[in-house]
Amino acid sequence: MLVEGITQPVDLKKRSDIHYARKIWHMSGVFAMFLAYVYLPPAVSMIILMVAWSLFVPFDFLRLKYPALNDWAMHAFKPIMRQSEVKKLAGTTFLLSGVLIVDVLFPRPIVALTLLFLAFADPIASYFGILYGKDKIFGHKSIQGFMAAFFVCAAVTFIYLIYHNYLMDRLIVVSLFAGLVGAFAELIPVAKLDDNLTLPLMSAVGLTILFYFFGFFSAVG
C-alpha cells in the first residue's frame, strides 16, 4: 500500500491495528531500560539513556526534513512504525524524552515503577482496547483499556513493593491506588501530546503524591 508522504510503497500499520511487533518492541525495550536502571550504577544507566536519546531524537527530526531519509526510515523500521508517523515524530522520541525527564526529576523507586507502567500498561491497555473496547471514553480510549491498565499497574506495584519489602502494612491499598494512577495517566489526553510522553510524566507525579501521602519516603529513609 502506498502511504502518503512516502515515494516508495510501504505497508504500515494504523493505530487501530493491534500491531504485535510494535507492542513487543515497546515492552521489551522499556523493560530493558528498567533492568538497566535498576541493576547498573545510576551514572551508567543515565549515560545509556542520554546516548539513546542523542542518537534517535535528532535523527527523527532530520527524517521529517529530508524525504529520502524518511523513505529509508519507514522501510528500515517498517515492523514498528505507524502510518501516522510518516509526517510526525515517532513515538520513540516522546518515550525517550519522557523517560529522561522522569529519570532526572524523580526518586529512584518512582522512576522504576514508572518504567514498569510504561513498559506494560500502555501496550496491554491498547491491546484490550482494540479487541474489546466498545465503551469509549476519550477518543479511541475505552473503559476496557482503562481496566486493563489499572490491573497491570496495580499488579506491578504489588510485586515491586513485595520484592523490596516496602509498605507491607499498606500493600493492597497502595497498589490499588497506584493502579488508578497508572490507568488515569494512560487514559487522560493532555492537549495533543503523545501518551509515550504524558504517561511517564503523569505516572511519576501521581506516584510521588501517593507515596508521600502514605509515608513511603520517610519509611525508606
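The values are calculated or read from the model by the stated rules, or taken from the named source; none is laboratory data. The structure presented is a predicted model; accordingly, all values stated were derived computationally and were not measured. Neighbour counts run over all protein chains shown; Cβ positions are idealised from the backbone, glycine included. With ligands, DNA and RNA removed, areas are computed over all heavy atoms of the protein, side chains included. Shrake-Rupley method; radii C 1.70, N 1.55, O 1.52, S 1.80 Å.
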- Checking 71, 103 in turn, the sole residue that is among the charged types (D, E, K, R), at pLDDT 95 or above and farther than 18 Å from residue 17 by Cα turns out to be 103
- Item | Hey, residue 90 in contact with an Asp or Glu (Cβ under 6 Å, 6 or more places away or on another chain), open to solvent by less than 50 Å² (accessible area, probe 1.4 Å), without any contact (Cβ under 8 Å) to a residue 40 or more places away in the chain and within 27 Å of residue 11 (Cα to Cα) or not | yes
- Item | Index of the failed condition, residue 215 passing every other in (1) within 16 Å of the chain's Cα centre (by Cα); (2) closer than 23 Å to residue 105 by Cα; (3) open to solvent by less than 50 Å² (accessible area, probe 1.4 Å) | (1)
- Query: So which residues in region 36-55 are open to solvent by 50 Å² or more (accessible area, probe 1.4 Å), closer than 15 Å to residue 99 by Cβ and in a helix (DSSP H, G or I)?
  - Reply: 38, 42, 47, 48, 50, 51, 53, 54, 55
- Message: Among (1) at pLDDT below 95; (2) open to solvent by 80 Å² or more (accessible area, probe 1.4 Å); (3) in a helix (DSSP H, G or I); (4) not β-branched (Val, Ile, Thr), there is one condition residue 8 misses while meeting the rest; what is its number?
- Response: (3)
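Within region 112-125, is even one residue farther than 21 Å from residue 146 by Cα and open to solvent by less than 40 Å² (accessible area, probe 1.4 Å)?
Yes, region 112-125 contains a residue that is farther than 21 Å from residue 146 by Cα and open to solvent by less than 40 Å² (accessible area, probe 1.4 Å).
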- With respect to residue 63, is the statement that it is touching a strand residue (DSSP E or B) at 6+ places or on another chain (Cβ under 8 Å), open to solvent by less than 70 Å² (accessible area, probe 1.4 Å) and not in a loop (DSSP other than H, G, I, E, B) true? no
- Quick one: is residue 205 open to solvent by less than 30 Å² (accessible area, probe 1.4 Å) and assigned to a helix (DSSP H, G or I)? no
- Item | Matching entry among 160, 166 (being crowded, with 16+ Cβ neighbours inside 10 Å and outside any helix (DSSP H, G or I)) | 166
